[in-house]
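Enquirer: Sharing a structure here in structure tokens format.
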Amino acid sequence: MKKAGASLLAVSFGGLIWRAVDQGVFSTGKGPAYELWSEDETSTLSDPMAMIQAATLASNPHNSQPWLFRVRETSIEMYADTTRNLGTMDPLLREMHMGLGCALENMVLTAAARGYRTEIRYFPKSSDRSYIARVDLAPGTIESSPLQQVISQRHTHRGAYDTEQALRPELLQQLHDTGLDKSERSVNLIWLTTEEAKRRTGELVISSTEAIIADAEMSHDSNRWFRGDWDDLQAHRDGLTLDAQGGAAWIRAAGKMLPNVSHDSANQFWLKSTRQTHVHTAGAYGLITVPDLKNPEDRVKAGRVWQRIHLKGTVEGLAMHPLNQPMEMRDRELHLHNLTRPFGQQLEQLTDQAGEEAIFLFRIGYPMTSVHPSPRRALEDVLI
């Protein structure tokens, strides 16, 4: 019996080890899906491919990576991959356009570091709205900025932030000044730092998360981007992963080894994290606004602003995390022609500035743990 018990224990332990290996417990941030984050893997790229590689590391909605690029002799063209939109989560393509703006910013920063001057033409072909921008390249001087140097270190941090470490007003001003470049005059940034403003914002984030969960179509369109299986992650090289959720190592390991949870369980985990971690530990909130939410060029420019803010935050050792649930519900109301617009009205009250429409919300603070990268598609998969 002792021998049988020992054998059973050995088999069980061996099974656990096999499962852990099979689901990438010991391979966090490794494998083909993570190669583009490695400077060693990308150091030999040509100038245009280095610019595209940097673009693919940009912030983007649900890690859907909605971009395609065409390399010309003296320019790079960027297109929206409309097969990668978020459906009912992004009916106005607000988040898609912002993600493309983030990619555009990384591309321009890397072009300068490689010695190119750039000129951007937004939506250069009126008959093709998927043609987002053309970046014309000309010889220039090498200008490597601190923002460009941390492109491969910038990650969304969904974990807890240090509530004991306050954000200095002068630091928030630096982020504001870095983000609002003169070329994006139509974009504005509002800091929500008072206890009352943070309370109202947190309540709105929680209620909009509950509303998304209660909407079957939105819940489905959100959950379909989660990659809980290691082989699935490496095959798709996109979407949200356990490693990018900011949880403790043992929680992430357990989550990988257990069978995939139901959508309902995933929703409840998201709601719990929103209440107990995202809202509870936010040091402050940032709200990016534009004059006209329907203007796609302003949406792309707002993405460039967000990318610069996030990169500057990375330089300063800050953590940031988009919380777009209120905007997603507002966009859903507009798409369904909901005349009461409860979420739209609450966002207008939060903005509290005439002529400004909220386009992007994020939380900011000092991280308590490190964060891991999200998977990225291969360069050949984003070229046309």
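The values are calculated or read from the model by the stated rules, or taken from the named source; none is laboratory data. Since this is a predicted model, take the numbers as computed values, not measurements. Every residue, glycine as well, gets a Cβ built from its backbone with ideal geometry; the counts of neighbours run over all protein chains shown. Protein only, heavy atoms only, side chains kept; ligands, DNA and RNA dropped before computing areas. Shrake-Rupley method; radii C 1.70, N 1.55, O 1.52, S 1.80 Å.
Enquirer: Which residue, Glu170, Glu316, Glu356, has the most motion in a Gaussian network model of the chain that connects Cα atoms within less than 10 Å?
Expert: In this elastic network of the chain, the residue with the biggest mean-square fluctuation among Glu170, Glu316, Glu356 is Glu170.
Enquirer: How much net charge surrounds Gln307 when only the other residues with a Cβ under 12 Å from the Cβ of Gln307 are counted, with Lys and Arg +1 and Asp and Glu -1?
Expert: +2
Enquirer: Starting from the alpha-carbon convex hull of the chain, give the projected area averaged over all orientations, in nm².
Expert: Across all orientations, the chain yields a mean hull projection of 21.3 nm².
Enquirer: In square angstrom, rounded to the nearest 10, how much accessible surface does Phe269 have for a 1.4 Å probe?
Expert: 110
Enquirer: Here is a follow-up. Let me have the 222 nm mean residue ellipticity of the chain computed from DSSP H runs of 4+ only, each contributing -39500 (n - 2.57), with the sum over all residues rounded to the nearest 500.
Expert: The helix-only estimate for the chain comes to -13500 deg cm²/dmol at 222 nm.
Enquirer: Something else: Using R₀ = 25 Å, calculate the FRET efficiency as 1/(1 + (r/R₀)^6) where r is the Cβ-Cβ separation of Gln174 and Ser207; round to 0.05.
Expert: Result of the calculation: an efficiency of 0.20.
Enquirer: Oh, and also: On average, how much accessible surface per residue is there in the chain, in Å², for a 1.4 Å probe, leaving out ligands, DNA and RNA?
Expert: 46
Enquirer: For the chain, set up a GNM with springs between Cα atoms under 10 Å and report which of Arg200, Arg134, Arg94 has the largest fluctuation.
Expert: It is Arg200.
Enquirer: Let me ask you something else. Dipole size in debye (nearest 20) for segment 66-118 around its Cα centre, Lys and Arg Cβ +1, Asp and Glu Cβ -1?
Expert: For segment 66-118, the charge dipole is close to 180 debye.
Enquirer: Compute, for Val315, the solvent-accessible surface of its heavy atoms (probe 1.4 Å) with the complete set of protein chains present, and express it in square angstrom to the nearest 10.
Expert: 60
Enquirer: Within a Cβ distance under 15 Å of Leu172, other residues only, what is the Lys/Arg minus Asp/Glu net charge?
Expert: Surrounding charge for Leu172 is +2.
Enquirer: By accessible area of protein heavy atoms, probe 1.4 Å, what ranking do Arg84, Arg224 get, highest first?
Expert: From most accessible down to least: Arg224, Arg84.
Enquirer: Something else about it: Starting from the amide H of Phe360, placed 1.01 Å from N in the peptide plane, find each other amide H under 5 Å away whose residue is 5 or more places distant or on another chain.
Expert: Ile288
Enquirer: Ok, one more. Note down the relative contact order for segment 102-150 as a percent, whole number, built from C-alpha pairs under 8 angstrom at least six residues apart.
Expert: Over segment 102-150, the number comes to 43 percent.
Enquirer: Evaluate the Debye formula for segment 317-384 with equal point scatterers sitting on the alpha carbons, no solvent, and hand back log10 of I(q)/I(0) at q = 0.15, 0.26 Å⁻¹, in q order, two decimals.
Expert: Debye intensities relative to I(0), on a log10 scale: -0.73, -1.10.
Enquirer: Where the eigenvalues come from the Cα gyration tensor of segment 58-98, what are the semi-axes √(5λ) of the equivalent ellipsoid, largest first, in whole Å?
Expert: 23, 9, 8
Enquirer: While we're here: Rank Leu347, Leu167 by accessible area, highest first, at a 1.4 Å probe radius?
Expert: These residues rank, largest area first, as Leu167, Leu347.
Enquirer: Now a separate question. In the structure shown, do any of Lys198/Lys294; Lys125/Lys301; Lys125/Lys294; Lys30/Lys272; Lys198/Lys272 have a Cα-Cα gap over 20 Å, and if so which?
Expert: Lys198/Lys294; Lys30/Lys272, as the Cα separations exceed 20 Å there.
Enquirer: Still on this structure, please answer the following. Please arrange Thr340, Thr193 by accessible surface area, largest first, computed with a 1.4 Å probe and ligands excluded.
Expert: From most accessible down to least: Thr340, Thr193.
Enquirer: While we're here: With equal scatterers on the alpha carbons only and no solvent term, can you work out the Debye log10 of I(q)/I(0) for segment 253-360 at 0.11, 0.19, 0.20 1/Å?
Expert: Results for segment 253-360 at q = 0.11, 0.19, 0.20 Å⁻¹ read -0.49, -1.16, -1.21.
Enquirer: Please give the charge dipole size of segment 160-318, origin at the Cα centre, charges +1 on K and R Cβ atoms and -1 on D and E Cβ atoms. Round to the nearest 20 debye.
Expert: 260
Enquirer: With +1 on each Lys and Arg Cβ and -1 on each Asp and Glu Cβ, and nothing else charged, work out how big the dipole of the chain is about its Cα centre, in Debye to the nearest 20.
Expert: For the chain, the charge dipole is close to 620 debye.
Enquirer: Taking the Cβ of Ile190 as the centre, find all other residues whose Cβ is under 9 Å away and add up their charges (Lys, Arg: +1; Asp, Glu: -1).
Expert: Counting the neighbours of Ile190, the net charge comes to -2.
Enquirer: Also, quick follow-up: In percent, what relative contact order does the chain have, based on Cα pairs under 8 Å that are 6 or more apart in sequence?
Expert: Averaging sequence separation for qualifying contacts and normalising by length gives 27 percent for the chain.
Enquirer: Which three extents, in whole angstrom, do the alpha-carbon atoms of segment 152-224 cover along their principal axes, largest first?
Expert: Extents along the principal axes: 42, 33, 28 Å.
Enquirer: For segment 345-379 and segment 180-247, write down the distance between their C-alpha centroids in whole Å.
Expert: Measuring centre to centre over Cα atoms gives 8 Å.
Enquirer: Further question on the same structure: Filter the chain for me: DSSP H helices, axial length by Cα at least 27 angstrom, mean Kyte-Doolittle hydropathy not below 0.5. List them by residue number.
Expert: 2-22, 94-113
Enquirer: Counting only protein heavy atoms and a 1.4 Å probe, tell me what percentage of the chain's accessible area is made up of carbon and sulfur.
Expert: The nonpolar share, carbon plus sulfur, comes to 53 percent.
Enquirer: Which percent of the Cα-Cα distances in segment 93-242 go past 27 Å?
Expert: 46
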